[in-house]
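Asker: First, the structure itself, so that you have it in front of you.
The values are calculated or read from the model by the stated rules, or taken from the named source; none is laboratory data. A quick note: this is a predicted structure, and the numbers were derived from the prediction, not measured. Methodologically, a virtual Cβ is constructed for each residue, glycine included, from the backbone with ideal geometry; neighbour enumeration extends over all protein chains shown.
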Amino acid sequence: MAGNLEKFQSPGRGNGLRAVRSLCPGVTVFKAEPYVYTVCHGKQYRAACHHCLRRGTKLLRCSQCKFARYCDVRCQKAAWEGHKRECMCLKCVLPNIPTDSVRLVGRIIFKLLQSPDCDSEELYSLSDLQSHIKELSEEMKDGLGQLVTTLELYLKNQIQDSSQLPPGCGIIELFGKVTCNSFTISDGEMQDVAVGLYPSMSLLNHSCDPNCVIVFEGRCLLLRTVKEIPKGEELTISYIDVMMPTHQRQSQLQRQYCFTCDCHQCLSRDKAEDMLAGDEQSSKKMESSLARIKGLQYQESEEKEVLGMCKALLNSSQLPDRNIHQLKVLDCALDMCINLGLWEEALSFGLRTLQPYSLYYSNYHPVRVIQIMKVGKLQHYLGMFPEAMETLKQAFDIMKVTHGDDHSIMKDLRELLGDCASSMNAT
C-alpha cells in the first residue's frame, strides 16, 4: 500500500505524507494493523471483543482477570499472546481498571520486550514518533507524571524496577507519544471502541478541511481519499472533530498536539458565525446545559430524564439548528429516543440534524454519512419506504467514497436498500 504515498519533509510542518501519483476520491491509500491497541473502558462505551473489536452482549470474560472479553474461544486464543502479561497486571489491581492510556503504554512495553517489529511501522517506527514533551504545558506534564506513577503500580506484578524495562525505554516519553500519536478506533457507526497506535499513519498532518479520512474495519485502519489529490500533494486528515469554533479547535490542537493550525478554514474562520448563530446569551446557556446533560446521558436509568431535559431546552430555544450547541442537544435527544424505542420522535430530531451536518462536515465525511444512514434506518423501520430509499441512496453515494465497496457497513446498507425496494414493490 505504501506505493500510493511517500514520506517527505512538509514545509513548516516536519514530516508528512504525499501522493506519489494522482488519486481520485474513494481510494484506499493505505491499510494498517495497529502496533498495539486496547479496548476503551467506561460506562459510555458498549462492550466489545478485546481481540476483533466486534460489539456483543454475550461476550465471554477472561477467566483470570475478569476484565478482557471475547466473542468466543478462537478470539481468546488469538489474543492470548498479547494479553497474558497484561492479564496478570489486571488481576492485581482489580476492581480498579487503569485508564486506556495506561493500559496502552503497558502493552507497548510488553510488545517491546517480546517482538518489537510490526508491519504498521512500514513508513515510520515507534522510535521515530515525536513525544513533544518539551512543548507540553506544565499542566499536561503533571498529568503525564501521574500516569507514570499509575503505570508503575499497574506493572508491578511483571516489572519490579527499571532494569526490567526495554533498553532505552523512557516511560514519560511513551506517554507523550501516545498522547500525540494514538488513534481512536471506531466501529461502523462511528462509536468509539478502542485506542491504538499506528506509527506509519502518525506521519499524516492535520487540516480542518482534509483530503483524506480514516475509517476502521475492526482493528484495521483504512486511509481513504475524499478529494481529487494531484501527484505530489500532501495527504491530510483531521485530528479532531471539526464541529467546533475556530478558537476551540486551535486550543485543542495546541494543547494536545503542540501546533497552531493555519489551514484555510482556520485563517478565514469559515463557518464560525454559523456555529454560534443566534443570541449569544442563549447559545452560552445551551452550552452550559449541554455539559449537565453529558454527565447523565450514559446512565441507562437517566435516559428519560435526559430526554426530558433535551426537549425542554429545544422547546424553549430560539436558536437555529445550525448552532452547534443546539445541534448537539438534538443529537442527544435522537440517541435517547432510539434507546427508549420512541421511533417517531427520534426521526423528527434526526431530520433536523441533516442540514447542519451537511454544513459542517464535507460532502464525503464518515460522520455525516452515518447520520444520514441512521435517519434512513428510522424511516425504513417506520414503513416510510420511498423516503427511506431516497435517504439511503444518498448515504450509499457518500459511503462508496468514505468506506469503499468492501466495507462491512456497506453490506448492511445494501441489505437495507434491498429491503426498501422489496417493500415498495410489495405495495
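Asker: In the set R13, R55, R18, which member is basic (K, R), closer than 24 Å to P199 by Cα and modelled with pLDDT under 95? Let's see the steps before the verdict.
Answerer: Working: R55 fails: closer than 24 Å to P199 by Cα; R18 fails: modelled with pLDDT under 95.
When all the criteria are applied, what remains is R13.
Asker: If you scan the stretch 134-158, which residues turn out to be at pLDDT 90 or above and of a type in the set (A, V, I, L, M, F, W, C)?
Answerer: Selection gives L144, L147, V148, L151, L153, L155.
Asker: Among the residues of the stretch 105-122, is any surrounded by fewer than 16 Cβ atoms within 10 Å (Cβ to Cβ) and either within 23 Å of N205 (Cβ to Cβ) or under 21 Å from the mean Cα position of the chain (by Cα) (or both)?
Answerer: Yes, some residue in the stretch 105-122 is surrounded by fewer than 16 Cβ atoms within 10 Å (Cβ to Cβ) and either within 23 Å of N205 (Cβ to Cβ) or under 21 Å from the mean Cα position of the chain (by Cα) (or both).
Asker: Also, quick follow-up: What residue, of Q394, Q379, Q355, is closer than 30 Å to E280 by Cα and in a helix (DSSP H, G or I)?
Answerer: Q355
Asker: Tally up the residues in the stretch 168-194 that are part of a loop (DSSP other than H, G, I, E, B) and either of a type in the set (F, W, Y) or at positive phi (or both), please.
Answerer: Step one: filter the stretch 168-194 for residues part of a loop (DSSP other than H, G, I, E, B), giving 168-170, 187-191.
Then keep just the ones that are either of a type in the set (F, W, Y) or at positive phi (or both); that gives 168, 190.
Adding up the residues that qualify gives 2.
Asker: When P95 is evaluated against the numbered criteria (1) modelled with pLDDT under 95; (2) crowded, with 19+ Cβ neighbours inside 10 Å, which criterion, by number, is the only one it fails?
Answerer: So P95 meets the others, but not (2).
Asker: I'd like the residue in the stretch 274-303 that is touching a Leu at 6+ places or on another chain (Cβ under 7 Å) and under 24 Å from A47 (Cβ atoms) and, out of all such residues, is modelled with the highest pLDDT.
Answerer: Within the stretch 274-303, the match that is modelled with the highest pLDDT is E303.
Asker: Identify all residues within the stretch 269-328 that are without any contact (Cβ under 8 Å) to a residue 40 or more places away in the chain and among the β-branched types (V, I, T); write none if there are none.
Answerer: I293, V306
Asker: Any residue at all in the stretch 334-346 that is in contact (Cβ under 8 Å) with a residue 24 or more places away in the chain and under 24 Å from P245 (Cα atoms)?
Answerer: yes
Asker: Can you tell me which residue is farthest from the chain's Cα centre (by Cα) among those in the stretch 324-354 that are more than 22 Å from R249 (Cα to Cα) and among the polar types (S, T, N, Q)?
Answerer: S348
Asker: Could you tell me whether the stretch 187-194 includes any residue that is small (G, A, S) and either surrounded by 21 or more Cβ atoms within 10 Å (Cβ to Cβ) or under 30 Å from L222 (Cα atoms) (or both)?
Answerer: yes
Asker: Here is a follow-up. Those residues that are over 16 Å from S10 (Cβ atoms) and at pLDDT 90 or above, I need them from the stretch 254-265; list them, please.
Answerer: Across the stretch 254-265, the qualifying residue is only Q254.
Asker: I'd like to know if the stretch 246-254 contains one or more residues that are of a type outside the set (D, E, K, R), touching a residue at least 60 places away in the same chain (Cβ under 8 Å) and closer than 19 Å to M201 by Cα. Show your work before the answer.
Answerer: Of all residues in the stretch 246-254, those of a type outside the set (D, E, K, R) come to 246-248, 250-254.
Next cut, touching a residue at least 60 places away in the same chain (Cβ under 8 Å) only: none.
Within the stretch 246-254 (the criterion being of a type outside the set (D, E, K, R), touching a residue at least 60 places away in the same chain (Cβ under 8 Å) and closer than 19 Å to M201 by Cα), the answer is no, since none of the residues qualifies.
A quick yes/no check of all residues on (1) closer than 24 Å to V226 by Cα; (2) aromatic (F, W, Y); (3) surrounded by fewer than 17 Cβ atoms within 10 Å (Cβ to Cβ):
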site	(1), (2), (3)
K328	no, no, no
D331	no, no, no
G350	no, no, no
V375	yes, no, no
A395	yes, no, no
T402	yes, no, no
D419	no, no, yes
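Asker: Can you find a residue that is aliphatic (A, V, I, L, M) and in contact with a strand residue (DSSP E or B) (Cβ under 9 Å, 6 or more places away or on another chain) anywhere in the stretch 135-154?
Answerer: Taking every residue of the stretch 135-154 in turn, none turns out to be aliphatic (A, V, I, L, M) and in contact with a strand residue (DSSP E or B) (Cβ under 9 Å, 6 or more places away or on another chain).
Asker: Report whether or not S120 is among the hydroxyl-bearing types (S, T, Y) and either assigned by TED's automatic domain parsing to the domain that holds A19 or out of contact with any Phe, Trp or Tyr (no Cβ under 7 Å at 6 or more places or on another chain) (or both).
Answerer: No; evaluated as a whole, the condition is false for this residue.
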